[in-house]
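Have a look at the structure below, then the notes.
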Amino acid sequence: MTALLEVRSLGIRFGGLQAVDSFHCRLNQGEIGGIIGPNGAGKTTIFNMLTGIYPPTAGEIFFRGENLVGRPIHGFTEHGIARTFQNIRLFKELSALDNIKIARHMKVKYGFFPGLFRTEAVSRRENELEEECLSILERLSLAQYARHKASGLPYGVQRRLEIARALATSPELLLLDEPAAGMNPQEVDQLSKTILWIRDEFKVTILLIEHHMQLVMGVCDHVTVVSFGKLLAEGKPDEVKVNPVVVEAYLGKGGKF
Amino acid sequence: MKERNANAGIRRYAPMIGVAAAVVVFYLAIEYLRQARVLTPYYVQILMFGLLNCMVTLGLNLINGITGQFSIGQAGFVAVGAYSSAAVTTLLFEFNKLPATLQPLVFLFAVCVGGFAAGVFGYLIGRPSLRVKGDYLAIVTLGFGEIIRSLIRYIEAVGGPRGLPGIPQYAGVRGGGLAWVLFFFTLTVWFLRNYIYSFRGRACVSCREDELAAETMGVNTTTYKVQAFIVGAVTAGAAGALQAHIIGFIHPDQFSYVRSTDFLVYLYAGGVGTMSGAIIGAMSLTIVLEILRFLADWRLIIYGVVLVLMMLYQPNGICSGKEFPFLIPKLKAAAKSSKAGVTGR
Ligand SMILES: Nc1ncnc2c1ncn2[C@@H]1O[C@H](COP(=O)(O)OP(=O)(O)OP(=O)(O)O)[C@@H](O)[C@H]1O
Ligand SMILES: [Mg+2]
C-alpha cells in the first residue's frame, strides 16, 4: 500500500542557514502523525514546504503518489492538503461564516457571466453553500458564532474556527501547527478528543506540531523529532519518549518527560 | 403546480423588476422636471456626470476596497474607454448619417468596445503589477495612467494633443442621454453586486484580508487580483465611453492624474469597501463641487476643508462600512445576515 504522504530528504536553506535538512516522513491514510522539537527546530518550516509556501531546495513531497514540489500554494490545497497556522491567520474582518465560505472556494463553480447575472442556478448554489458552511460550523460547535466577526471571537474559538476553515476545503491531509498553544490542561484534554473525533468524522489524515507532550502521546500514532533542522528520531510515541537522544535534545542531559 | 412555479418566478424577479421600475420612475420624474423647466439641462448634466463618477468609483472600489490593491490610475481606463468608443462612432462609422434605428445599436457597440479596450488595458496593467504591492503598485498605476495620456497625444487619428471634437452627442443631455447613463449605471451596480457576492468576489476579499491564507484556502490570488483590475477597468471604460458621447469632445488632459485623484477622494470619502460608499461619495462630492463653483478659486480650498473635517469626524467615510440592504443578495438561510455583508468593512 502506498502512503498518503511520503516526504523524502526534504531540505531548505535560507542564505547560510540550513533550516531543514533531509527530513523524511511517511503517513498512511487515517493516521495521526506528530512533529516535535525545540523552538526554532524547523517544524513550521516543514509545514510551509508541505503547503507550497516555501519551495524546498532539496527533496520530494509525494502526496497520493504524486510529487507536489514546484506547485503553487493553492495547488497543494487543490490536491487535498489543508493547514492551520501557528499564529492564527483567519480573515479577521470577516464573519466566521464568510471565513468558511472562502474555504469552500474550490467547491463552488459557476461561469463568470452566469455569476454576473446571478442566474437561478447561481442563486441556488449560493443558498446550498450557505447551508453547507453553516453545517460545517455546526459540526464544530461554532454555529452560534456564524455572524460574528472573526477578530472579535475568543482565542480558543478562533483556533477552532481555523480548524473548521481548513476542514471546509475538504482535505485529505490536515496539518495543525501547535493547535494547543495557549490552552490550559483541561482545554488540551478536550482538544485531544476533538482531534481524534475530527479524524473519524471528516475522514482525514492528520499531521500536527505540538509542544504539549500529553497531547502528542495521547493522539499520535507516529512521532518525528526534529532539532536544529535535523531529524533526531522517529517512531511510536512511547519509543520516542524514552529515546536518550531525544530526551537530551529536549531537556538537556539527565532530563525526563 | 405550474402556477406555483410562476409565483416563485415572480417572487424571484420581483426585486429586480422593482429596481428597474424605480429607475424608470426616477428618469421620468427628472424628464418631467426638466420639461417643466424646474431643472435646467445644466442640473441634469451634473446628475449624469455624478452617475458616471459613481461607475468609475464603483470599479475602483472593486480594485482597492474589495481586493485590497492600491490603484490610483483609474482615469487612464476612462481615457481608453472614451477614445476607443469615440473612434468607433467617428472613425469607423459616420454616426450621424446612420439610419435612426441603427444608431442605438452602434452606440451600444461603441460603449462595449470602450469597456472591452479598457479591460484589455486592465489586464496589461494588472498582470505585471502583481509583482509590486502597496505604495509601489500605486506608483505603477499612476505612471500607467500618465503613459496612456501621453500616448494619446501621439495618435493623430484621434486628434493627438488637440483633442477629438465632433463626437456624436448621442448620450447628450438634450438627446435624453440620461436614460443611457441610468441604464449603464444600474447595470454596473447590479453586475458588481452580483460579482462581489459570488465566489469570485469572496476570493477578491480574501486577497485583501490575507493573501497567504487565501492561497492556502485554494484561492489563486493572481487570477483574482488580475480579474479585479479587468472588471474595474471595464466599468471605468464604459463610463469613459458615455462621457465622450455626452460632451462630444475629449482631450487627453481630461484624463490626467488629477481626475484619478478625484475618484480616490470619492471612494475614501464615501467609505472604501462598500458599494454604498462609492455611490454616495461620488454623487455627493460631484454635487458639492458644482455647488461651490460660484466660489471660483476658493472652491478647492473649501472642498479641501470639507474633506479634512470629514476625515476627522467620519474617518471611515460617509457610509463607514454599511451597505445598502438591497446591495446584498438575499439568501434563504440568511434571514438575519449582518449589515456588513461579505465586504466586512
Ligand atoms: N523565511 C525565512 N527566512 C529566513 N529564516 C527563516 C525563515 N523561516 C524560518 N526561518 C528560520 O528557520 C528556523 C526554523 O524556524 P521554524 O519557524 O520552522 O521553527 P519551529 O520549529 O516552528 O519553532 P517554534 O517551535 O518556535 O514554532 C529558525 O531559525 C527561523 O529563524
Ligand atoms: Mg513553529
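The values are calculated or read from the model by the stated rules, or taken from the named source; none is laboratory data. Small disclaimer: the values here were computed from a predicted structure and weren't measured. FYI the Cβ positions are ideal-geometry reconstructions off the backbone, even for glycines, and counts take in every protein chain you see. Only protein heavy atoms, including side chains, enter the accessible area calculation; ligands, DNA and RNA are left aside. Shrake-Rupley method; radii C 1.70, N 1.55, O 1.52, S 1.80 Å.
Taking the options A:83, A:26, name whichever one is within 16 Å of ligand 2 (Cβ to nearest atom) and of a type in the set (D, E, K, R).
Answer to the selection: A:83.
Hey, could you check region A:29-50 for residues that are part of a loop (DSSP other than H, G, I, E, B) and more than 13 Å from ligand 2 (Cβ to nearest atom) and say which is least open to solvent (accessible area, probe 1.4 Å)?
In this case the residue turns out to be A:30.
Out of region B:182-199, which residues are at the interface with another protein chain (Cβ under 10 Å from one of its Cβ atoms) and either more than 19 Å from the chain's Cα centre (by Cα) or open to solvent by less than 30 Å² (accessible area, probe 1.4 Å) (or both)?
Of everything in region B:182-199, those that are at the interface with another protein chain (Cβ under 10 Å from one of its Cβ atoms) and either more than 19 Å from the chain's Cα centre (by Cα) or open to solvent by less than 30 Å² (accessible area, probe 1.4 Å) (or both) turn out to be B:192, B:194, B:195, B:197, B:198, B:199.
Using beta carbons and a limit of 6 Å, which pairs, at least six apart or on different chains, have the first residue in region A:28-56 and within 19 Å of residue A:232 (Cα to Cα) and of a type outside the set (Phe, Trp, Tyr) and the second one open to solvent by 20 Å² or more (accessible area, probe 1.4 Å) and within 13 Å of ligand 2 (Cβ to nearest atom)?
Cβ pairs passing all conditions: A:44/A:86.
Of B:222, B:216, B:235, which residue is among the polar types (S, T, N, Q) and at pLDDT below 95?
Only one candidate passes the filter, namely B:222.
Of all residues in region A:185-217, how many are over 23 Å from residue A:51 (Cβ atoms) and within 16 Å of ligand 1 (Cβ to nearest atom)?
Selection size over region A:185-217: 1.
Which residues, counting only those in region A:127-141, are open to solvent by less than 10 Å² (accessible area, probe 1.4 Å) and touching a Leu at 6+ places or on another chain (Cβ under 6 Å)?
Listed by number, the residues that qualify are A:130, A:133.
Would you check which residues across region A:51-66 are β-branched (Val, Ile, Thr), assigned to a loop (DSSP other than H, G, I, E, B) and open to solvent by less than 20 Å² (accessible area, probe 1.4 Å) and list them?
Within region A:51-66, A:51 is the sole residue that qualifies.
Within region A:163-180, take every residue that is acidic (Asp, Glu) and within 16 Å of ligand 1 (Cβ to nearest atom) and give me the one that is most open to solvent (accessible area, probe 1.4 Å).
So the residue we want is A:178.
Do we find a residue being within 25 Å of residue A:39 (Cβ to Cβ) and more than 16 Å from ligand 1 (Cβ to nearest atom) anywhere in region A:145-154?
Checking region A:145-154: not a single residue is within 25 Å of residue A:39 (Cβ to Cβ) and more than 16 Å from ligand 1 (Cβ to nearest atom).
Return the residues of region A:67-103 that are assigned to a loop (DSSP other than H, G, I, E, B) and at the interface with another protein chain (Cβ under 8 Å from one of its Cβ atoms); say none if nothing qualifies.
A:72, A:85, A:89, A:90, A:91, A:92, A:93, A:94
Answer yes if at least one residue in region A:148-155 is crowded, with 21+ Cβ neighbours inside 10 Å, touching a helix residue (DSSP H, G or I) at 6+ places or on another chain (Cβ under 8 Å) and in a helix (DSSP H, G or I), and no otherwise.
Looking for residues that are crowded, with 21+ Cβ neighbours inside 10 Å, touching a helix residue (DSSP H, G or I) at 6+ places or on another chain (Cβ under 8 Å) and in a helix (DSSP H, G or I), one finds at least one in region A:148-155, hence yes.
Of everything in region A:33-66 that's within 14 Å of chain B (Cβ to nearest Cβ) and over 23 Å from residue A:170 (Cβ atoms), which residue is farthest from ligand 1 (Cβ to nearest atom)?
Once the filter is applied, the top-ranked residue is A:55.
Yes/no matrix, rows are residues, columns are (1) open to solvent by 40 Å² or more (accessible area, probe 1.4 Å); (2) within 17 Å of the chain's Cα centre (by Cα); (3) charged (D, E, K, R); (4) under 13 Å from residue B:76 (Cα atoms):
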site: B:94; (1), (2), (3), (4): yes, no, yes, no
site: B:102; (1), (2), (3), (4): yes, no, no, no
site: B:106; (1), (2), (3), (4): no, no, no, no
site: B:111; (1), (2), (3), (4): no, yes, no, no
site: B:116; (1), (2), (3), (4): yes, yes, no, no
site: B:121; (1), (2), (3), (4): yes, yes, no, yes
site: B:131; (1), (2), (3), (4): yes, no, yes, no
